[in-house]
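The values are calculated or read from the model by the stated rules, or taken from the named source; none is laboratory data. Note that the structure is predicted; figures quoted are calculated from it, not measured. Please note: Cβ atoms are built from the backbone with ideal geometry, for glycine as well, and neighbour counts cover all protein chains shown. Side chains are part of the model used for accessible areas, which takes the heavy atoms of the whole protein and leaves out ligands, DNA and RNA. Shrake-Rupley method; radii C 1.70, N 1.55, O 1.52, S 1.80 Å.
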Amino acid sequence: MKTVGAAEFKARCLRLIRQMNQDREPVTVTNRGRPVAVLSPLPEQAPRASIIGAMKGTVLAYDDPFAPAADPSEWASLG
């Protein structure tokens, strides 16, 4: 595990994060020689499946797609 002081971490933060992401090795940040934080890479995740087309094939049948969803005589009036 790599160890860096807080001042060095502050100065080289982005470079250390990129390097940690490449070599997958955690970095311990110290303050006056005492460990105060550990920066570790996230576990590898499988790519997410696209939501486009996720519902494909779930509509079993429809008679008239342009017809109202309910009969107008069933609508309640708020008047």
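Kindly provide the set of residues from segment 39-79 that are among the aliphatic types (A, V, I, L, M), part of a loop (DSSP other than H, G, I, E, B), within 30 Å of Leu14 (Cβ to Cβ) and at pLDDT 85 or above, ordered by number.
Here is the first cut: in segment 39-79, the ones among the aliphatic types (A, V, I, L, M) are 39, 42, 46, 49, 51-52, 54-55, 59-61, 67, 69-70, 76, 78.
Retained after the next criterion (residues that are part of a loop (DSSP other than H, G, I, E, B)): 42, 46, 49, 51-52, 54-55, 59-61, 67, 69-70, 76, 78.
Still in the running and within 30 Å of Leu14 (Cβ to Cβ): 42, 46.
Of everything in segment 39-79, just one residue is among the aliphatic types (A, V, I, L, M), part of a loop (DSSP other than H, G, I, E, B), within 30 Å of Leu14 (Cβ to Cβ) and at pLDDT 85 or above, namely Leu42.
Condition check ((1) of a type outside the set (D, E, K, R); (2) within 27 Å of the chain's Cα centre (by Cα); (3) surrounded by 10 or more Cβ atoms within 10 Å (Cβ to Cβ)) across all residues:
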residue	(1), (2), (3)
Thr3	yes, no, yes
Glu8	no, no, yes
Arg12	no, yes, yes
Gln19	yes, yes, yes
Val27	yes, yes, yes
Leu39	yes, yes, yes
Ala49	yes, yes, no
Gly53	yes, yes, no
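Does segment 1-51 hold any residues that are among the charged types (D, E, K, R) and on the phi > 0 side of the Ramachandran plot, and which are they?
Selection gives Arg24, Arg32.
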Scan segment 41-65 and report the pairs whose first residue is closer than 30 Å to Met1 by Cβ and whose second residue is open to solvent by less than 90 Å² (accessible area, probe 1.4 Å) and in a loop (DSSP other than H, G, I, E, B), with Cβ atoms within less than 6 Å and a gap of 6+ or a chain change.
Pro41/Arg24
Note on Arg34: of the conditions (1) modelled with pLDDT of 95 or more; (2) surrounded by 10 or more Cβ atoms within 10 Å (Cβ to Cβ), unmet is (2)
Restricting to segment 28-38, what's the tally of residues that are in a loop (DSSP other than H, G, I, E, B) and among the polar types (S, T, N, Q)?
0
